[in-house]
Each structure stands twice: as structure tokens, then as C-alpha cells.
Amino acid sequence: MTEPEAGRARLLEGGPIAAEIRAAVAEDVATFTASRGRPPGLAVVIIGRDAPSTVYLEQILRGCAKVGIAGRFAELEGQATEASITSAIRDLNDDPTVDGIIVQMPLPPSIRLRAIVDCIDPAKDIDGIHPLNAGLLRLGYDGFLPATAHAAVEILRRSGIEIAGQDATVVGRSAVVGMPAAFLLVREDATVTVCHRRTRDLTEHVRRADIVIVAAGRPGLITGEMLKPGAVVVDVGINVVDGRLVGDVDFESASRVAAAITPVPGGVGPLTNALLLTHLIRAAERQGRDALALISGDSA
Ligand code: NAD
């Protein structure tokens, strides 16, 4: 964590936390591989190589390779039908060497999200998009969390930011980021407001927050003038402006008012990828246990 200059917010960097997490995952992967005789496996379903998220997905596979996870693309052609995608996912559900499945998002416009999401085995759904995992989160049970929302809250926890009892405002209510981040904050005992594009007075809700998580996909949406002095700001946004990667928060003005802020890039992003690996090893260990339970059942 970088110490602040006078009048500047403390920088909450995801990189060092991600490195710690990856080191722990590498140990768990080594133990798993030694005991099971195979590495944990991740399959990334990709529909057409030129999809915008390909770079991000390649990054995930590189992260897997570094810690000894067998990651691979399950590649379908760009014109693939819904039936061929669901059939490929079902094959991965049945493949005992695949412990986790991620599907490229956004899907091509002709493919219905729900049809794809519903057919992922919830036990292999390491990015928490299946309705079962979403429901478990909503009820406060232990399922797979969407990795980005998990990272947005985990960066606060691991940076020693108090969450319990704080007023938090989440800007964005998507199923993959905003809403799960809000549920996680509630689980951590924050008092949470969720804002969205129809919110009447965004500034009012942001200004009373001790913690602001922003996931709107709008560069510069949140400025320093909107923040309560001393607030903690987590910027989930990833936008390209003039060839540069920026978040949803105007970093320059916000870092003069906030007590702590995540940079973009280098904040939530690196932590998202590292947490995804922890979800994968957990899925692998769980499936291993189920398989072992069946074996001992057979021999009883
Ligand atoms: P989305 O488009 O699905 O949802 C955006 C949300 O923001 C919506 O709920 C919308 O109502 C709200 N919103 C839009 N304009 C607003 C405004 N002017 N005022 C208030 N609310 C407004 O996007 P998403 O998938 O949730 O992603 C959000 C951002 O997070 C994007 O920039 C995306 O690139 C980024 N993202 C980052 C990571 C990461 O690892 N850091 C991962 C996924 C997405």
C-alpha cells in the first residue's frame, strides 16, 4: 500500500494483495496436484477469437499457468448457435479434469444470457453467475461470488478499512458487479444505498457515504466535489479514453478529498484475477471431495 502525500488519498493497490493471494493459491495447487495426480483445471468458453474480452481472458489463463493451474480455451466459432454453446458447456460440466468454467462476456447479441448461464454446473461456476450462486449470496450462504464484486469488497477488508456500521453507496446495479457488491457490503454490516442510471440525485447519495463503490462504466462520473471528505473510494470501472485506461472516478479531484482510493489500472482489476484463482482451487477441492465420497460409498 502506498502512503499518501499530504492532501492526497492513500492508494489502495490491488497488485501486492493479489501477489499474496497467488502465492497462497500456488501452494494449494501444488498440494492438490500432488494428492490427485492432476492439476486443477479451468476452461474458458470463448465464442470467436476477436471478442473484446479476449485480452482479459488471456490474462486469466496466464495467471493460471503461473500458479500451476491447467487453464485452456474452449473455443467456439463466432457464428456458434445457442445450442452448440450449451452443448459445449455441458461437455465441460461432465469433464472430470475441468473444475471451473468461465464464459466470455458479453455474449454475441444473438445468444440469450439466461440460456447459457443456466446450463453451467453451479459447482463449476467460479465467477458466480449461475442463479443458484446468486441466490446463495442473496441469502448470505456460501456460494461462488462474482469475482469483481468480491474484489471490490476484499480490497477494503485486506486494506484494513472498517466496513461494519459505515454508510456505503454503490453506484451501479448490474447482476455481476453492483448488486453482488451491495449484498457483500450488507453482509459486512454496512448500511448500503444502491444507485443506478435512474437515481434522481446521485451526488446526494454519494456525499453521505463513508465508502463508495463505483461500477457504472462512465468515465469521470464521480468527482472529488461529490465525495464526503475522508471517504474511501473503490473504482471498479474500466474505460478506454484517448487510448488510456481510466475508471469511473475522476482520480485527480477525488484523490484530494478521499482518505483512500483504488487506482485504475492497478486497483480492483489485479485482485479480481487472483480471487478467481482462489474460487477455482476451492471448486477443485470440493469436486475432489464429492468424487472421493462416491468412491468410499461404492466400497462400503
Ligand atoms: P453494466 O453496464 O452492466 O452496469 C452499469 C450500471 O451502472 C447500471 O446498473 C446502470 O444503471 C449504472 N449507471 C450507468 N450510468 C449511470 C449514471 N450516470 N449514474 C448512476 N448509475 C449509472 O456494467 P457492469 O458490467 O456492472 O460494469 C461496470 C463497470 O465495471 C464497467 O466499466 C466495466 O468495464 C467494469 N468492470 C470491471 C471489472 C474489473 O475487474 N475491474 C470487471 C467487470 C466489469
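Just so it is clear, none of the values below were taken in a lab; they were calculated from the coordinates. Keep in mind that what you see is a predicted model, and the values were worked out from it rather than measured. Counting neighbours? That spans all protein chains shown, and the Cβs are built from the backbone with ideal geometry, glycine included.
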Of all residues making up region 246-278, the number that are assigned to a strand (DSSP E or B) and more than 10 Å from the ligand (Cβ to nearest atom): 3
Residue in region 194-201 that is assigned to a loop (DSSP other than H, G, I, E, B), more than 11 Å from the ligand (Cβ to nearest atom) and surrounded by fewer than 19 Cβ atoms within 10 Å (Cβ to Cβ) present: no
Sole residue being out of contact with any Asp or Glu (no Cβ under 6 Å at 6 or more places or on another chain), among the polar types (S, T, N, Q) and more than 13 Å from Gln104 (Cα to Cα), chosen from Thr54, Thr31: Thr31
Top-ranked residue of region 155-180 - restricted to ones that are surrounded by fewer than 24 Cβ atoms within 10 Å (Cβ to Cβ) and touching a residue at least 60 places away in the same chain (Cβ under 8 Å), ranked as nearest to the ligand (Cβ to nearest atom): Val176
Subset of region 210-245 that is away from the ligand (no atom under 11 Å from the Cβ) and without any contact (Cβ under 8 Å) to a residue 12 or more places away in the chain - its residue that is surrounded by the most Cβ atoms within 10 Å (Cβ to Cβ): Arg244
Residues satisfying the stated conditions in region 231-244, i.e. under 18 Å from the mean Cα position of the chain (by Cα) and either in a loop (DSSP other than H, G, I, E, B) or within 16 Å of Pro270 (Cα to Cα) (or both): Val234, Asp235, Val236, Gly237, Ile238, Asn239
Residues of region 138-154 that turn out to be out of contact with any Gly (no Cβ under 6 Å at 6 or more places or on another chain) and under 18 Å from Val268 (Cα atoms), as a count: 8
